[in-house]
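The values are calculated or read from the model by the stated rules, or taken from the named source; none is laboratory data. Owing to the predicted nature of the structure, the values given are computational and were not obtained by experimental measurement. As a convention, Cβ positions derive from the backbone with ideal geometry for all residues, glycine included, and neighbour counts pool all protein chains shown. Remember, those area values only see protein heavy atoms, side chains included, never the ligands or the DNA or RNA. Shrake-Rupley method; radii C 1.70, N 1.55, O 1.52, S 1.80 Å.
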Amino acid sequence: MGRRKVELKRIEDKSSRQVTFSKRRSGLFKKAHQLAVLCDLELVLIVFSGNGRPYEFSNGNRLLHSHESR
């Protein structure tokens, strides 16, 4: 059984939209981690939710401290 293609349009139901955001954010952070490990990168990823709350991923202390000092 394959995955079905998702139509890219705004999810109207607020609850479903939040669940989708949480799942996709987790998947995005997982992929960022994999990329950093495979390619030996220091990586920072910042994602803002619909209400403006920031979520960040960082695998290198140097980059996170540099970001916070600004």
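What the table shows:
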| read-out | value |
| --- | --- |
| Every pair of residues 6+ apart whose Cβ atoms lie under 9 Å, when the first sits in the range 46-70 and is on the phi < 0 side of the Ramachandran plot while the second is at pLDDT below 70 | Ile46/His67; Glu56/Leu64; Glu56/His67; Ser58/Leu64; Ser58/His67 |
| Filter result (in a loop (DSSP other than H, G, I, E, B) and more than 13 Å from the chain's Cα centre (by Cα)) within the range 29-49 | Asp40, Leu41, Glu42 |
| Extreme residue, modelled with the highest pLDDT, among residues of the range 50-70 that are among the charged types (D, E, K, R) and part of a helix (DSSP H, G or I) | Arg62 |
| Checklist (1) open to solvent by 80 Å² or more (accessible area, probe 1.4 Å); (2) at pLDDT 95 or above applied to Gln34, failing item | (1) |
| Pair list, Cβ under 9 Å, 6 or more apart: the range 8-21 residue part of a loop (DSSP other than H, G, I, E, B), other residue of a type in the set (Ser, Thr, Tyr) and surrounded by 12 or more Cβ atoms within 10 Å (Cβ to Cβ) | Ile11/Thr20 |
| Selection within the range 1-21 - of a type outside the set (Val, Ile, Thr) and open to solvent by less than 100 Å² (accessible area, probe 1.4 Å) | Gly2, Asp13, Ser15, Ser16, Arg17, Gln18, Phe21 |
